[in-house]
Each structure stands twice: as C-alpha cells, then as structure tokens.
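Supplied in structure tokens, the structure appears directly below.
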Amino acid sequence: MATIAEPEVFAGRQVTIQPNGRAHHDHGRFVEPVNTGTLRRELARAISGEVRFDRASIGLYATDSSNFREIPLGVIVPRTRDDVVAAHRICAQYGAPILNRGAGTSLSGETVNFAVVIDHSKYLHHIGEADVERRLVTVEPGAINEQVNLRTGKKGLLFGPDPSTHAYCTIGGNVGNNSCGIHSVQSQIYGPGPRTSDNVHSMEIVTYGGDRFRVGVNEEAHLDEIIRAGGHKGEIYRNLRTLRDRYANLIREKFPPVTELPRRVSGYNLDELLPERGFNVARALVGTEGTCATALDITLILTPALLDRVTVVVQYDELPEAATHIEEIIDWKPVGLEAVDHQLFLDEKLQHMEEKALQKLPRSGRGAWLLVEFGANSEQEARERARAFQEWLVRKKHYEPDRIALFGKREPGGPADVIWKAREGGLGATAFPPNDRDHWPGWEDSAVPPGKVAPYVRDLKKLYDKYGYSGAMYGHFGQGCIHSRISFDLYTAEGVKQYRKFLDEASDLVVSYGGSLSGEHGDGQQRAEFLVKQYGPELLQAMRDFKRIWDPQWKMNPGKVVDPYPVDSYLKLGPSYNPIEVHTKFAYKSDGGDFAHATLRCVGVGKCREPHAVDVMCPSYVVTREEKHTTRGRARLLFE
C-alpha cells in the first residue's frame, strides 16, 4: 500500500516531476505539478475556514464507501460560501484539482481523488425557510437530508429523495450523485419526479476559475437574453445551446423518459437541455459528481409530506416473484415500494442486527418480501388505503391471506419501524456476513424499467452463479433499482481480474434490458468506464464536450464519470495490499485475529455522523462535526 507523504510538490495520480520539469503524462493529459506548500499558505491567508494538509487529515479523506483509495492534496473546511469561491480561484491559480465532498458515503469513488478536498458538511449547512405556496426551500450544500425534511415537514412538505443514509448524508451529496431513495416513489407520484435532478429548482454555482452565478430551470425562453448579457455565464450558455443543438436528435433517441426508466442516473443529464424540456441548466448539472462546477446553494422543490404512514408487507417464494405486480401496485400510489430477500434478514439475524424484524414478517422462513408503504394526512386515511390494497391482493390477485401483514403507524421500536430499519441497514449488514467471504460494492446499483425487474433479477443471479459470487439482493423495486453487495475477491490479482470481467458482463446485461448502470449511486470511477455501452461513443463525446464547457482545464474531480480512471486502478485493497501485522490484546475472533481486517469492517456508511441520534454513537462528533471524531474517522486512520 502506498504511504501518505507530505510533499512540497504534488503531481497527483502517482505522477512524478521529470528532470526537465515537465509533469508526467497521465491518461492522455499532462498533469501539472502543484506546489502544495505555497498553495496551503495562500489558502490559509485567503479563507476564514480551516486548511489542512497534514498526513492525518488527508488520510481521513483518502477513502469513502467505495472500493477506491486516492490520497488528496489537502483538505479545506470552508466557513462561508465566499471561502468556497476563494478556494476555487486560488486552486485555479496553482493548477490544483478540486473535489467536493459531503458526508463521504459515496459507493462509486466519486468523493476520493488526488485533489484539494472541500468538505462542506461542518459549517455550510444552513436551511432556509420553506416557501409553502411555491413549495421551495433553499439550503447550503452541507445541509443534512433529514434535517431539511424535519424543518419543512412542519409545513407539510418534504424533499422527496431520501437515501438510506438520509439521517446524515448532505444535500450537496444528493445533488452530486443525483440521489433517489425509498421515498422517491412518493416524489414521483405526488411531486416533481423520482431523482434529485427532478426536485431541483435552481442553484448558485462557482466554476473552477471562480466565476459565480445562478443557474435555473425553464430558461429556454430567456436564452437569447442570457447569452447577450455576456460574461462567463453567457459564454457557457451559448456553448451549451450549440452542444444541445448538435446532439438533440441523438439525445432524444438514447435518453428514455423518466416514466419508462425512473432511475436513469448514469451519465450527464443532457436531455435537460432540450428545448421541449426548457433548457434546465441546474438539472443538467445535478449528477455530474462535482466534475463541472460546485454548488454554493440549492433551491429544492418540495413534495407533500404525507407523514401518517402504514406499511403492508407481502411474502413471496423468491425475489423475482416480488416484482410480479409492481406496475399495478404503483397504481395504488404508495409512498414507498421496496423488496428484500431472505438473505438480507438472515445476515442481520446472524450478526444480531434488527433481530426482531424477521419475526414480524409473514411466513418468516424463507423467500422475499415486498414492503408497501402508504402515506396520507391522517392515519385513518392511510389505513383505509392499506386495507383496500390488502383486499385487492386477496380477491383480485388471489394471494393467500397469510402472506400479507399490515403494520400500523411507524413509531420508534414498533413493528413497522423495526422492518424499515432492517431494510435501511442493508449496506452494513451484508458487508461481512458470517461464514462467507467479504462482500463489496461494485454492482450494487443497477436499474431497469420496473416491468423488467423479474427477468433481470433472474439473469443477474445466474451471472452471480457463473462467477461463484453470492450477495443478498434488495432495493427500490417500484422504480426498478436493485441493490446488492457481492463477494468479489479484491485481494488477489486473479480476483481483481474476475471482478473486472464480471462488471463487463453485468453492464452488458443491464443495457440489454434498456436499463441504467446506476440507479442512484452514480458512476464515479466504479461504472463510468462502461458508460459507452449505455449511451454509445457519440453521446459519450457529447458528455466530454459538456464537461469541457464548464471545466476546460479538466480540474474538477478529474478521472470520474468522463475519461475515468480504470475500474481496477487505485483500489483500496488489491493484490498489493499488504498491511503490517499488529499484535493486540484482543482476540478479534471474527477477523481471524487480523487487526487490519477489523479496520475494514467500517464500510464508510457514515452512521456515526448522525448529528441528533437518539442513541448517539459519537458524542464528540456531535459537538465538533469533525470527521476525526467519528468512529469511521478513527477506523480510517487505523486502516492507514
């Protein structure tokens, strides 16, 4: 494993400065050397926030929840939006790449890079007052997803997309990934759409060079006026229109509507620039993973909250069967529609996690379960709809009554709460299942049209069998998104070779179903190499041109989404992983006495960053909002 150094000159991506002073050539581009000592001093003079280039700080930010490890130049923790702008201008002056980061829970490697990391989560978390009439709220990028909804929920509104990390992930991260979540069904049915991009109204952004301006939606009617006004915004909009006009017909052909493929998250949202869509520049930037510009504030579109909720759980013999009536169930207008297989609950039970959940399920032996949540403005209304749905399953679809269970309003510790927490705990529960190999992300996020879920899941399971892989499956069946951590061997050269080969075949499979490589976790470095299969070379060139319009120097989170680093490069583990042996007093029986393996048990999900939890895991983090005071931060430093 590479060690962390504190060089005066950094050239990134294992780049070295040649005797002639030129930077090493990397992936078709020359990477300019950066004088980190001078850069650090200039940043410290210019911003009121914190500037950290020490070894411990960069070690904390070298990994996220993905399979990758990339050592940053340094870390900035800005106090103000002006700090963020100043940091961009100074980094541009010194040619330093920039990476924006929220809670650092990304599974695709988009929040690690050989760059200056800007951590928005400590200070930039202001939440404005909700505009109830217009259903809007403006927040800073470090605002926590659930904190936004707790505030707007008092007004009967919420921001629909809520990943399982909603208690601690940031809105800036949601924007970067184009996140979705359990209640994306709710925002699709009752609000503007399932993805974060559908729920963004406008953003104030800053470009790499430090130009600051606002981008919005429905700007087609004002496009000529914006371009005539000139400046950097006018130039960018002119170039975006030219790009749009050049590729418009191909975009229409290759970008399925959200009604057909709700979870198309992979690639850039070039379709948002089409004239019939309204030239939505803000939404085109959502999901670009910080490769184009940085959001300073985000105005969100809110959805009716429907906070009185009742859950119906339906048992099936196997997971593909749980997709049998998905499209008809959607017509019942649930606010959540998830599927879970038996293996997830078994993994949790074996690890003494949410043990009560399995006992509450109908026919709790084996099989799979569909979790159908109904929401309304009163519990009675939600119950009536749930009971009518129950009756429809039995009378019209001929389900056996003992396959169906209705759980009342979700209350802390109640049956519905236990089951939903078990579903949300899937990422951590399936990482290191007892009596099995370690499981990793990599193909945990594919999505297909909802009507094709059943055959896709069957074929995906066959692909697992072909490679000898295992992994629990669960996900957002109502929108065709499948989650699964897989037993990849990321420790040996042959294992990594097979991992890459599997991803190649899996990407062919999902594209054959008209699906998306990513359904909410983004492309980052994990899936970007295979985007050409989903969009073809011409649209991939269009995405490359889109990035160049925003970031001509190619300094915003380079190597992610467009012209990515290879999927098997810069792995956190890999065949060169050879940690030192540490002799301990504790046995670490679950890890075979291997302390280094014990440090891997933190999968980076970030639950220890929850700021207002009932059972506080990290009280020091609650006070300081410092990554080093989280359990995850300590595990990361021990890993390093």
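The values are calculated or read from the model by the stated rules, or taken from the named source; none is laboratory data. What you see is a predicted model; the values in this text were computed from it and never measured. All Cβ positions, glycine included, derive from the backbone under ideal geometry; neighbour counts span all protein chains shown.
May I ask you to list the residues in the stretch 146-172 that are polar (S, T, N, Q) and either more than 16 Å from the chain's Cα centre (by Cα) or in a helix (DSSP H, G or I) (or both)? Reasoning before the result, please.
Of the residues in the stretch 146-172, the ones polar (S, T, N, Q) are 147, 149, 152, 164-165, 170.
Scanning the stretch 146-172 gives GLN147, ASN149, THR152.
Of the residues that make up the stretch 613-620, is at least one small (Gly, Ala, Ser), modelled with pLDDT under 90 and over 19 Å from ASP489 (Cβ atoms)? Steps first, please.
Step one: of the stretch 613-620, the residues small (Gly, Ala, Ser) are 613, 620.
This time we only want the ones that are modelled with pLDDT under 90, so: 613, 620.
Adding the requirement that they be over 19 Å from ASP489 (Cβ atoms) leaves 613, 620.
Yes, because at least one residue in the stretch 613-620 is small (Gly, Ala, Ser), modelled with pLDDT under 90 and over 19 Å from ASP489 (Cβ atoms).
A further question follows. Taking the conditions exactly as written (modelled with pLDDT of 95 or more, surrounded by fewer than 20 Cβ atoms within 10 Å (Cβ to Cβ), of a type in the set (Lys, Arg) and touching a helix residue (DSSP H, G or I) at 6+ places or on another chain (Cβ under 7 Å)), does LYS409 satisfy them or not?
It is false that LYS409 is modelled with pLDDT of 95 or more, surrounded by fewer than 20 Cβ atoms within 10 Å (Cβ to Cβ), of a type in the set (Lys, Arg) and touching a helix residue (DSSP H, G or I) at 6+ places or on another chain (Cβ under 7 Å).
Name, by its number, the condition in (1) of a type outside the set (Lys, Arg); (2) surrounded by fewer than 24 Cβ atoms within 10 Å (Cβ to Cβ); (3) modelled with pLDDT of 95 or more that does not hold for GLN479.
Result: GLN479 fails condition (2) only.
Separate question: Might you let me know whether the stretch 585-605 holds any residue that is surrounded by 17 or more Cβ atoms within 10 Å (Cβ to Cβ), within 25 Å of LYS421 (Cβ to Cβ), touching a Gly at 6+ places or on another chain (Cβ under 8 Å) and of a type outside the set (A, V, I, L, M)?
yes
State the number of residues belonging to the stretch 111-153 that are of a type in the set (D, E, K, R) and either in contact with a Phe, Trp or Tyr (Cβ under 7 Å, 6 or more places away or on another chain) or buried (at least 21 other Cβ atoms within 10 Å of the Cβ) (or both). If you could, list the steps in order and put the result at the bottom.
First pass over the stretch 111-153, keeping only residues of a type in the set (D, E, K, R): 119, 122, 129, 131, 133-135, 140, 146, 151.
Now drop any that are not either in contact with a Phe, Trp or Tyr (Cβ under 7 Å, 6 or more places away or on another chain) or buried (at least 21 other Cβ atoms within 10 Å of the Cβ) (or both), which leaves 119, 140.
Residues that pass the stated criteria total 2.
With a cut-off of at least 1 residues that are closer than 26 Å to LYS607 by Cα and either assigned by TED's automatic domain parsing to the domain that holds GLY367 or within 16 Å of the chain's Cα centre (by Cα) (or both), name the helices (runs of 4 or more DSSP H) lying wholly within the stretch 404-488. Can you show your working first?
On the way: elements: 415-424, 426-429, 453-467.
Here the list reads 415-424, 426-429.
Tell me, yes or no, whether the stretch 289-298 has at least one residue that is assigned by TED's automatic domain parsing to the domain that holds TYR208, in a strand (DSSP E or B) and surrounded by fewer than 24 Cβ atoms within 10 Å (Cβ to Cβ). Spell out how you get there, then give the answer.
Pass one, the stretch 289-298, residues assigned by TED's automatic domain parsing to the domain that holds TYR208: 289-298.
Next, from what is left, pick out any that are in a strand (DSSP E or B): 294-298.
Filter once more, so that each one left must be surrounded by fewer than 24 Cβ atoms within 10 Å (Cβ to Cβ): 296-297.
Scanning the stretch 289-298, I find at least one residue that is assigned by TED's automatic domain parsing to the domain that holds TYR208, in a strand (DSSP E or B) and surrounded by fewer than 24 Cβ atoms within 10 Å (Cβ to Cβ), so the answer is yes.
Taking the stretch 590-632, which residues are in a helix (DSSP H, G or I) and of a type in the set (Asp, Glu)?
Our first condition is that a residue be in a helix (DSSP H, G or I); within the stretch 590-632, this holds for 590-591, 595-600, 607-609, 619-624, 627-629, 631-632.
Across the stretch 590-632, the qualifying residues are ASP591, GLU627.
A further question follows. Take ASN100 and tell me if it is touching a Ser or Thr at 6+ places or on another chain (Cβ under 8 Å), buried (at least 22 other Cβ atoms within 10 Å of the Cβ), in contact (Cβ under 8 Å) with a residue 40 or more places away in the chain and not aromatic (Phe, Trp, Tyr). First the steps, then the outcome.
Numbers: touching a Ser or Thr at 6+ places or on another chain (Cβ under 8 Å): yes; buried (at least 22 other Cβ atoms within 10 Å of the Cβ): yes; in contact (Cβ under 8 Å) with a residue 40 or more places away in the chain: yes; not aromatic (Phe, Trp, Tyr): yes.
Yes: the conditions hold for ASN100.
Could I ask something else about it? Quickly run through the stretch 514-530 and pick out the residues that are under 21 Å from the mean Cα position of the chain (by Cα) and either under 27 Å from HIS88 (Cα atoms) or surrounded by fewer than 24 Cβ atoms within 10 Å (Cβ to Cβ) (or both). Before the answer, list the steps.
In the first step, residues of the stretch 514-530 are kept if they are under 21 Å from the mean Cα position of the chain (by Cα); the result is 515-530.
The answer is HIS521, GLY522, ASP523, GLY524, GLN525, GLN526, ALA528, GLU529, PHE530.
Would you mind stating whether ASP563 is in contact (Cβ under 8 Å) with a residue 60 or more places away in the chain, at positive phi and outside the structural domain of SER266 (by TED's automatic domain parsing)? So that I can check it myself, show each step before the final result.
Working: in contact (Cβ under 8 Å) with a residue 60 or more places away in the chain: yes; at positive phi: yes; outside the structural domain of SER266 (by TED's automatic domain parsing): yes.
For ASP563, the condition - in contact (Cβ under 8 Å) with a residue 60 or more places away in the chain, at positive phi and outside the structural domain of SER266 (by TED's automatic domain parsing) - is met.
Mind checking whether some residue in the stretch 216-226 is closer than 25 Å to GLU520 by Cα and out of contact with any helix residue (DSSP H, G or I) (no Cβ under 8 Å at 6 or more places or on another chain)? Let's see the steps before the verdict.
We begin by selecting, within the stretch 216-226, every residue closer than 25 Å to GLU520 by Cα; these are 216-218.
After this cut, where a residue has to be out of contact with any helix residue (DSSP H, G or I) (no Cβ under 8 Å at 6 or more places or on another chain) as well, the list is 218.
Within the stretch 216-226, one or more residues are closer than 25 Å to GLU520 by Cα and out of contact with any helix residue (DSSP H, G or I) (no Cβ under 8 Å at 6 or more places or on another chain).
Continuing with this model, one more query. Of everything in the stretch 303-329 that's hydrophobic (A, V, I, L, M, F, W, C) and over 18 Å from TYR474 (Cα atoms), which residue is surrounded by the fewest Cβ atoms within 10 Å (Cβ to Cβ)? Step through it out loud before you land on a result.
Narrowing the stretch 303-329 to residues hydrophobic (A, V, I, L, M, F, W, C): 305-307, 310, 312-314, 319, 322-323, 326, 329.
Right, trim to over 18 Å from TYR474 (Cα atoms) and you get 305-307, 310.
Working: ALA305: 22, LEU306: 22, LEU307: 18, VAL310: 25.
Checking each candidate, the answer is LEU307.
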